[in-house]
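Below is one structure; the comments refer to it alone.
Each value in this text was obtained by applying a stated rule to the coordinates, not by laboratory testing. Model, not experiment: these values are computed from the prediction. Cβ placement follows ideal geometry from the backbone for every residue including glycine, while neighbour counts extend to all protein chains displayed.
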């Protein structure tokens, strides 16, 4: 093979290599292929939530029969919509800018909640406290009137650090997640609702302080 042909082939190889390196740099700088939302992928089966928090428009937490609703405003910031009692026809809107960061942190932590183990339904769900849940959590997509998913929060597990949760209607059934995730939501409600409450044994006695999220950066 002549020297000219060898040089020509080497030039082609180096040109292709340079183009490949350039494409890699473009992909890395543009963020293509990376999970959105700054956390684990929403498709990760180990996560409790089926989508990232960024894809939600509202979150409702029913605690002791009272519905607390959180929504996003037009700019995407979370705010506390207010309390809805079962017999109330009127409710208040409470868009407190000072609470926005706190709500954002609590929901970001919830978005990182990981399933510790899958209990399934081999036993009566009443054993786990999810048949008459102490807390119910509903997630909504933006502008949706029907919840994307609903969680019935049951008892604290015997290990005292986990909490039973029933993913209502899902084949996965009852799972456990870290109990501090529920404590954080209850603490958030007490802080933004303006009326801290003492909770029954087995629930959090909240003081408005969020528990540390080990995955937080």
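Label-to-label distance for residue 51 and residue 74 is 2.2 nm, based on points extended 7 Å past Cα in the beta-carbon direction.
Stretch residue 171-residue 118 to full length: gain in nm at 0.36 nm per residue minus the Cα-Cα span? Write down the numbers at each step before the final one.
On the way: separation 53, 0.36 × 53 = 19.08 nm, distance 1.07 nm.
Roughly 18.0 nm would be gained on extension.
A crude spin-label estimate for the pair residue 98 and residue 126, with each label 7 Å from Cα along the Cβ direction, gives 4.7 nm. One decimal place: the segment residue 144-residue 13 gains 41.8 nm when fully extended, by the rule 0.36 nm per residue minus the C-alpha distance. Rounded to the nearest whole angstrom, the semi-axes of the ellipsoid equivalent to segment 53-193, taken from the Cα gyration tensor as √(5λ), stand at 26, 16, 14, largest first.
Of the residues 71, 116, 104, the one with the fewest other Cβ atoms within 10 Å heads the list, and the complete ranking is 104, 116, 71.
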